[in-house]
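Since the structure comes first, as structure tokens, the remarks are kept for the end.
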Amino acid sequence: MSDNTAIIQVETLTRRFGTFTAVDQVSFQVERGEVFGFVGSNGSGKSTTIRMLCGLLAPTEGTARVAGLDIRAEAAQISSHLGYMSQKVSLYGALTAQENALFFGGLYSLPVARIAERQRMLFPRLGLTGREHMLVRELPSGIKQRLALACSLLHDPAVIFLDEPTAGVDLINRQVFWDLIRELAAEGKTLFVTSHYLDEMEHAQHIGFIDRGKLIGFDSPLGLKVHFAGGYRLRLLHDEPQVLATAAASLRTAGYRVEPGDNGEVCVLLADGSRANLEQLRRRLHALNPTLDGTAALPSIEEVFAGMIRQHQPTQEHKA
Amino acid sequence: MNLWREKTSRLRTLLWREFVELRRDRFTLTIMLLIPVFQMALLAYAITTDFDHLPLCVLDGAHTRESRQLVSAITATGYFTLTPLRDLEEVNSFFGREHCRAALLIPMDFSELIANHKDVRLGLLLDASDTTMATSAEGFLTAMAQAFYRQTRLERTPLTERNLRPEAIGIVTTRSRMLFNPPLSGTVYTIPGLLGMICMFLTVLITALALVRERETGTLEQLLVTPVTPLEVVLGKILPFGVVAMCAIVGSVVFSWLLFGVFPNGSIGLFLAVTPIFLLIGLSLGLLISSLAHSSVDALERSILIMVPQLMLSDFLFPLSLMSLPFRIIGEAIPLTHYLRITRGVYMKSEGLAELWPEVAILCGFLFLLIRGVSRAIKKQS
Ligand SMILES: Nc1ncnc2c1ncn2[C@@H]1O[C@H](COP(=O)(O)OP(=O)(O)O)[C@@H](O)[C@H]1O
Ligand SMILES: [Mg+2]
């Protein structure tokens, strides 16, 4: 496996349940050391994709390579390279936190000393210290979730699949999760994370959008914002609506894309958000009217996603 | 070498977890250990009292001291209400009615045969419309006769060939001969059967729920992303429960010995060696049901659905030898049938591996196929 091949390569991966296509011809790549965010509404096929990549579900068509191994032909060897935290917290309730760690570590044939070492490393980072000897069924759900994450990391896998790791987790604990995710990526691990909290996806190097089984977008967060939501937005503010109206007209004639904003303000869309480009626009505005004020911002991933779903809706219905 | 160490360490891990869970879950453990003994006490009691004051007709053709001794010994047990008959004509008209559910025919040369140390054949007619009664009474009377004269050979006389009305005799038309060793009570026939049934119920029900539960909590999926193989998952489930079930069965054997005085005449070693195989078969069958079920309720329904026909067609309730060919073939495809042959052989006929090896081989075959089947089912569903 050479260094310049992607660690996850997905090629026209398809999974049907009966006549229903849960994952439809999905292709993308994830590079080593990346955080990849996989986003889609409920039932869009995220978990099904992950379960295929983990070797839990056989693809109907297409294939994928994870850590250089084919998920169809070499499923047995893949398991030791990947960590998987399922959407459902899957721990043994009658066992203590530490016993769960010993159990899952044991299934990877790790020596007890090695499990203890990993536990010393992971438990404090996930706020699990002091809970080692509590029965898992007596732990609060947020802690169970963190323990499940710790258990899936014991064997130090190169690729880690996290299926909605922060579902139902409060803001502070989500931060704990994402800090660890970024640290792992910095160590060279590859993380494949699904979530429906779209703001979290700002942490990802690449984002894939999946809608009804189809991959409808794949890019970096910035790329998505530029390509799917027109890039930067400069919001123009002024007390006098008249001033805004003339500014909008003159910017339009100069070739800018101008849209009315939500609160009566005017938005200028900038596909190229470079500093030079922004400065040029600021100078032009100043020349028009020195009292015009503007704040530039990127749209949120949420806005991008909403926009993309809107774009895809009609074509889907035509087909149906 | 390294691979072997990894495999065993994974299996050890699976077994360790199952035992920790069992230790924490005292309730399941207690139920598993107590239910067999409870079932044994309840059913053995219910079945042995089945023929309390059974109307028994006796045609004493010998009228000798020995024959009268036999009759009074039977009367003394209190299990039968005796009606003496004078000739075969009376048997003809009485049998099958309320006051004659069974008939014992003592031959004219009864005493001479005993005196000459020859085999004695007693005739026994049973109203087999109530098979439980018939088999219990048969076992009991055989035991009595043998206690009376150990070398007595008992034959279910083919009296239909004489002028008895066939419908009155029910289905007792076999010429089969059974050789028993001297057992001491009627329970000897039911206890080995009960042991088989208890093994079946205990094991199928335990594991029928096991995989569904792991699927519902998602831990099965979590197991299957690790290097664990489906075969290891299966062994990790059936071995620990096999140990517990074996303890329960040994408990039942001791219990039935203390309470009913019934203990294997034949090879107890064979019984102890074969029982784990049969327990593992039941546990694998439960797992197979579990792997196909959608929910716990579904798993329970399926196990009942699987077990009831097994009880019907395995010789446990109704004699398989009296059934028509298609049912006999189905019966042969049921592991319980073969296990019952072993337990009855060991308990009642002093048999050992020399006689029973074909049954043992068949059970091993069942176990092999079932384990393979479950491993495949787990892989496929994943
Ligand atoms: N085992 C299955 N059998 C039938 N349908 C399934 C199965 N697993 C998932 N699906 C269907 O596939 C679709 C995608 O499910 P999933 O991948 O779990 O979505 P997501 O994780 O994005 O919420 C859903 O409509 C779901 O009902
Ligand atoms: Mg999901």
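Take peptide B:76-88, look around each residue's Cβ out to 10 angstrom, count Cβ atoms belonging to other protein chains, and average those counts.
Values: counts 0, 0, 0, 0, 0, 0, 0, 0, 0, 0, 0, 0, 0.
Partner-chain Cβ atoms within 10 Å, mean over residues of B:76-88: 0.
With one equal scatterer per alpha carbon and no solvent term, the Debye-computed log10 I(q)/I(0) for segment B:186-381 at 0.10, 0.15, 0.16 1/Å reads -0.42, -0.90, -1.00.
If we count every other residue with Cβ under 12 angstrom of B:Ala208's Cβ, Lys/Arg +1 and Asp/Glu -1, where does the sum land? Don't skip to the end; give the middle numbers.
Working: positive: B:Arg213, B:Lys237, B:Arg302; negative: B:Asp298, B:Glu301.
Around B:Ala208, the charge tally is +1.
Averaged per residue, segment B:186-381 has 38 square angstrom of accessible surface, using a 1.4 angstrom probe with ligands and nucleic acids left out. Of the beta bridges in the protein assembly as shown, as assigned by DSSP with both residues counted there, near 55 percent are antiparallel.
Could you do me a favour and compute the accessible area per residue for chain A, 1.4 Å probe, result in Å²?
Details: 14430 Å² over 320 residues.
Per-residue value: 45 Å².
Measuring spread by the Cα atoms of the protein assembly as shown yields a radius of gyration and Dmax of 38.5, 139 Å. Taking every C-alpha pair closer than 8 Å and separated by at least 6 residues, the mean separation divided by the residue count of chain A gives a relative contact order of 19 percent.
Counted over all Cα-Cα pairs of segment A:11-141, pairs farther apart than 25 Å make up 41 percent. In this structure, the residue pairs whose Cα-Cα separation is over 26 Å, taken from A:Lys189/B:Lys379; A:Lys46/A:Lys189; A:Lys189/B:Lys237; A:Lys46/A:Lys225; A:Lys144/B:Lys7; A:Lys144/A:Lys189, are A:Lys189/B:Lys379; A:Lys189/B:Lys237; A:Lys144/B:Lys7.
Ignoring ligands, DNA and RNA, what percent of the 1.4 Å accessible area of segment A:230-298 is carbon and sulfur?
Numbers: 2070 of 4190 Å².
Taking all protein chains in place, segment A:230-298 shows 49 percent carbon and sulfur surface.
Rounded to the nearest whole Hz, the Karplus-based 3J(HN,Hα) values (6.51 cos²θ - 1.76 cosθ + 1.60, θ = phi - 60°) of segment A:154-171 follow the sequence 4, 8, 6, x, 7, 10, 10, 9, 10, 9, 6, x, 10, 4, x, 9, 6, 4, with x at glycine and proline. In this assembly, the A-B interface accounts for approximately 2300 Å² of buried accessible surface in total, computed with a 1.4 Å probe and without ligands, DNA or RNA.
Per-residue shielding of A:54-65, expressed as the average number of other chain Cβ atoms within 10 Å of the residue Cβ, stands at 2. Under 27 Å of direct C-alpha separation, and excluding same-chain neighbours fewer than eight residues apart, B:Lys349 reaches these lysines: B:Lys118.
Taking the mean number of other Cβ atoms within 10 Å as a proxy for protection, how do you rank A:276-289, A:182-195 from highest to lowest?
A:182-195, A:276-289
Structure remark: mean-square fluctuation, Gaussian network model of chain A, C-alpha springs under 10 Å; the largest value among A:Val266, A:Val26, A:Val35 belongs to A:Val266. For the segment A:108-115, counting C-beta atoms of other chains within 10 Å of every residue's C-beta and taking the mean gives 3.
When Lys and Arg each count +1 and Asp and Glu each count -1, what net charge do the other residues less than 12 Å away from A:Ile309, Cβ to Cβ, add up to?
Details: positive: A:Arg212, A:Lys214, A:Arg310; negative: A:Asp211, A:Glu302, A:Glu303.
So the environment of A:Ile309 carries a net charge of 0.
In the protein assembly as shown, with Lys and Arg counted as +1 and Asp and Glu as -1 at Cβ, which of these residues, B:Val228, A:Gln205, B:Thr30, has the Cα nearest the positive end of the dipole, that is, farthest along it? Of the candidates, B:Val228 comes out farthest on the positive side. For A:Leu57, the residues whose modelled amide H falls within less than 5 Å of its own, excluding neighbours fewer than 5 places apart on the same chain, are A:Met52. Peptides B:363-375, A:80-92, B:195-207 ranked from most to least packed give B:195-207, A:80-92, B:363-375, packing being the mean of other C-beta atoms within 10 angstrom over each peptide's residues.
Going from the chain on its own to the full set of protein chains, segment A:77-99 has these residues losing 30 Å² or more of accessible surface (heavy atoms, 1.4 Å probe, no ligands, DNA or RNA): A:Ser79, A:Tyr84, A:Lys88, A:Ser90, A:Tyr92, A:Ala94, A:Leu95, A:Glu99. When each of the peptides A:134-141, B:23-30, B:212-219, B:225-232 is scored by how many other beta carbons lie within 10 Å of its residues on average, the order from highest to lowest is B:225-232, B:212-219, A:134-141, B:23-30.
Here segment A:82-229 has an Rg and Dmax of 16.3, 52 Å, counting Cα atoms alone.
Residues whose amide H falls under 5 Å from that of A:Val35, counting only those 5 or more places apart or on a different chain, are A:Leu191, A:Gln205, A:His206, with hydrogens built in the peptide plane. Note on segment A:6-219: with charges restricted to the Cβ of Lys and Arg (+1) and Asp and Glu (-1), its dipole about the Cα centre is near 500 debye.
The values are calculated or read from the model by the stated rules, or taken from the named source; none is laboratory data. All values derive from a computational prediction rather than experimental measurement. When we count neighbours, we look across all protein chains shown, and the Cβ atoms used for this are built from the backbone with ideal geometry, even at glycine. Only protein heavy atoms, including side chains, enter the accessible area calculation; ligands, DNA and RNA are left aside. Shrake-Rupley method; radii C 1.70, N 1.55, O 1.52, S 1.80 Å.
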